[in-house]
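Note sheet for the following structure.
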Amino acid sequence: MGHRTIVTVVLFSFLCGSADGGNKELAWDRAKFIDLIDLVSIFLIPASLQSTAPGWQTGAEPGSPIRWETDGIQWVDTRNANIRTGEVIVTISGEPIHILRKYWEPNPWRITAIGPRAGIFRVEISSQINSQELQLDMEGEMDKRQIRYRIDKCDPIGAASSGGRLYSIQVAGKQSAWLYHEWSCGSGGCSAFLTVLLFKEDAEALPELVPSCGGGK
C-alpha cells in the first residue's frame, strides 16, 4: 500500500510539472517585464556623480528584471573588453513582443554590458528576432517620457526598411548619454538593436554615420 502511494505521488508531481513547466509564458514573471526606456535608464550615470563608469553590479541587484548568464565578468578578445550577457523581457507601450515556439510566449531581448575592469562603458540591447509586433518609434517613446534628445548622426543610406540614428539624450537625474538605434524590417517584421553609449568619444567613433540628420527636442 505504501509503495503504491509513493508511485502515485511521484506520477502526479511529474504530470503537474509537465503541464506548467512546458509553458515558457509561466517561466517569466510579468512583474519583472521592463519598459525599454526604463531598461536604458538603469545604466545611465547619475547626475550627482562624476563621469565614472557604472559598476559591473549595475542591473544585477536583487529583483533585477535581467537574467544574467555570465558569472562575474568575462574578457572577450574580439571586443578587447570585459562583458556580461543576459536576457530580459522588454515592453514597448506596455507590451512585450512574442515568439512562437511550442507556445506563444514573450520573446526575451539580449543584453550585453561592455567595458574595462573599472566598469561599464556601453550596453547593447537586441530584440534578437524580426517581429510583426515590433513597431519601435524611438522618438515617440522618448517624447512620452519627456526625454530631451537630439539626432546627432544617421545612416547615410536612409532606406525605409533599415537604418540607424544616433541620439544624444538627457534623462532627468542622469548625465548626458548617447543612444544608437538600428532597425531592419522585412516580410517577417522588424528587429531592433540599441547601443547605450555613456561617453562621448565612443559615440563619436561609431562608423558609417553622417553628421546631423536634423530633429530633436
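Since every read-out is calculated from the coordinates, none of them should be taken as a lab result. Computed from a predicted model, the values in this text were never measured in an experiment. Every residue, glycine among them, receives a Cβ derived from its backbone with ideal geometry; neighbour counts consider all protein chains shown.
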Pull out a ≥ b ≥ c, the square roots of the eigenvalues of the alpha-carbon gyration tensor of region 130-184, then state rounded if a/c is under 1.5, prolate if not and a/b is larger than b/c, and oblate in the remaining case. oblate
Please give, to one decimal in nm, the separation of the simple spin-label points placed at Trp104 and Asp77, each 7 Å out from Cα toward the Cβ. 4.7
With point charges of +1 on the Cβ of Lys and Arg and -1 on the Cβ of Asp and Glu, referenced to the Cα centre of region 33-211, which listed residue (Pro116, Ile99, Pro156) lies farthest in the positive direction of the dipole? Pro116
Can you put Val123, Val76 in order of Cβ neighbours within 10 angstrom, beginning with the fewest? Val76, Val123
Mind listing the phi-derived Karplus ³J(HN,Hα) values for region 128-140, rounded to whole Hz, using 6.51, -1.76 and 1.60 with θ = phi - 60°, and x for any glycine or proline? 6, 9, 8, 9, 5, 6, 8, 10, 8, 9, 4, 5, x
So for Tyr103, Tyr149, fewest C-beta neighbours within 10 Å to most, what's the order? Tyr103, Tyr149
Can you bin region 61-163 into rounded, prolate or oblate? Criterion: square roots of the alpha carbon gyration tensor eigenvalues sorted a ≥ b ≥ c, rounded for a/c under 1.5, prolate for a/b above b/c, oblate for the rest. oblate
Neighbours of Ala192 by Cβ distance under 13 Å: Lys/Arg at +1, Asp/Glu at -1, summed charge -3
The local net charge around Phe121, scoring Lys/Arg +1 and Asp/Glu -1 for residues other than Phe121 whose Cβ lies under 13 Å from its Cβ, equals +2
Surrounding charge for Leu206, neighbours by C-beta under 12 angstrom, Lys/Arg +1, Asp/Glu -1, total -3
Under a cut-off of 18 Å between alpha-carbon atoms, report the aspartates and glutamates in cross-link reach of Lys200, not counting same-chain residues fewer than 8 places apart. Glu124, Asp152, Glu208
Packing-ranked peptide list from 61-73, 136-148, 172-184, highest mean Cβ count within 10 angstrom first, is 172-184, 136-148, 61-73
From Cα pairs below 8 angstrom and at least 6 apart in sequence, can you work out the relative contact order of region 33-211, rounded to a whole percent? 19
Whole number please: convex hull volume per residue of the Cα set in region 33-211, in Å³? 134
